[in-house]
Amino acid sequence: MARRAGALGRVALALALLAAGGVWWWAVLRLLLVPERTGLVEGFVAAGGWGLSLLPVHVTAYRGRRGVRRVVGDLRSVVEDARGAVGAGVTRASARRRSGG
């Protein structure tokens, strides 16, 4: 029974996302094709959908707890990379100051 409820939940979610996508496309097309007859609702729907499209770029999946050794190893590799870049003369914090004379 739980398996069936999970499948129905996924179908309901898919239908809801499809409907939301349809409403967003309706608002965008209305703004593009008939801009003089559109209102605030279409503008808010189009802007909100565009803003939501940026969300997955900044959100990552949770991978569980990371061990202390792994975190320390990651930090150590970052520090070594930074030392190598500075030692090779790739980056400089600021230009040298020269005296007035």
Considering only segment 1-51, state which residues are open to solvent by 60 Å² or more (accessible area, probe 1.4 Å) and not aliphatic (A, V, I, L, M). 3, 4, 10, 24, 25, 26, 30, 35, 36, 37, 44, 50
With the checklist (1) in a helix (DSSP H, G or I); (2) loosely packed, with under 10 Cβ neighbours inside 10 Å; (3) more than 21 Å from the chain's Cα centre (by Cα); (4) modelled with pLDDT under 75 in hand, flag the one item residue 54 doesn't pass. (3)
Could you list, ordered by first residue, the pairs with Cβ atoms under 6 Å in which the first is in segment 31-44 and free of Cβ contacts under 8 Å to residues at least 40 places away in the same chain and the second is surrounded by fewer than 10 Cβ atoms within 10 Å (Cβ to Cβ) and not hydrophobic (A, V, I, L, M, F, W, C), at least 6 apart or interchain? none
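The values are calculated or read from the model by the stated rules, or taken from the named source; none is laboratory data. Source: prediction; values computed, not measured. Heads up, the Cβs are rebuilt from the backbone with ideal geometry, glycines too, and the neighbour counts pull from every protein chain shown. Calculation scope for accessible area: heavy atoms of the full protein, side chains included, ligands and nucleic acids excluded. Shrake-Rupley method; radii C 1.70, N 1.55, O 1.52, S 1.80 Å.
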